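Scroll down for the structure; my scribbles are underneath it.
The values are calculated or read from the model by the stated rules, or taken from the named source; none is laboratory data. Please read all numbers here as calculations on a predicted model, not as lab measurements. Backbone-built Cβ (ideal geometry, glycine too); neighbour counts: all protein chains shown. Note: areas computed on protein heavy atoms with side chains; ligands, DNA, RNA excluded. Shrake-Rupley method; radii C 1.70, N 1.55, O 1.52, S 1.80 Å.
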Amino acid sequence: MSYVDGYVIPVPAENKDVYKKMALRAWPVFKEFGAMHLVECWGDDIHDGKLTDFKRAVAAQSGEQVVFSWVVWPSKDVRDAAHKKIFEDPRMKSLGDMPFDGKRMIIGGFDILVEESAG
């Protein structure tokens, strides 16, 4: 069964295009090391919750938008091996400074419990 890395990131609204370009430049590296699918979603309809919500989860500040992303891998083993290679790859280092505050990024690896598709 596939494995998924999930991310929630606060990104300054003015960095939307920079973030998109960074993701597009990083994707070939992820794909080369085994990633099967990448989705980057720019927050559009994020409601304030009573106890918690996406904005509070990443301490989004005024002028920041929440990005919700995931990468699908063939397996956790492929993902684990890829992470080591990705973070050492000079192409990733050439991306420069990230257009967001990485200290407030939420990241986690997930086993797929249910996977359905209309296609």
Legend entry - Solvent-accessible area of Phe68 with every protein chain in place, 1.4 Å probe, in Å² to the nearest 10: 90
Inset, instruction - Determine by what factor the alpha-carbon radius of gyration of region 35-84 differs from 2.2 N^0.38 Å, reporting the quotient. - result: 1.51
Inset, instruction - Using only the Cα atoms of region 1-55, build the gyration tensor, take square roots of its eigenvalues as a ≥ b ≥ c, and label the shape rounded, prolate or oblate: rounded if a/c is under 1.5, else prolate if a/b is larger than b/c, else oblate. - result: oblate
Inset, instruction - Return the distance in nm (one decimal) between the two label points of a simple spin-label model at Glu32 and Asp45, each offset 7 Å from Cα along Cα→Cβ. - result: 3.9
Legend entry - Exposure ranking of Leu51, Leu24 by accessible area [1.4 Å probe, largest first]: Leu51, Leu24
Inset, instruction - Estimate the FRET efficiency between Val18 and Leu113 by the formula 1/(1 + (r/R0)^6), using the beta-carbon distance for r and 41 Å for R0, to the nearest 0.05. - result: 0.75
Legend entry - Projected label distance in nm at Ser2 and Arg25, using a 7 Å step from Cα toward the beta-carbon: 2.7
Inset, instruction - Just grab the label-to-label distance for Met98 and Asp80, each label 7 Å out from Cα along the Cβ direction, in nm (one decimal). - result: 2.2
Inset, instruction - Could you give the spread of the C-alpha atoms of the chain along their three principal axes, from largest to smallest, in whole angstroms? - result: 37, 37, 27
Inset, instruction - With all protein chains present, calculate the accessible area of Glu32 using a 1.4 Å probe and round the result to the nearest 10 Å². - result: 110
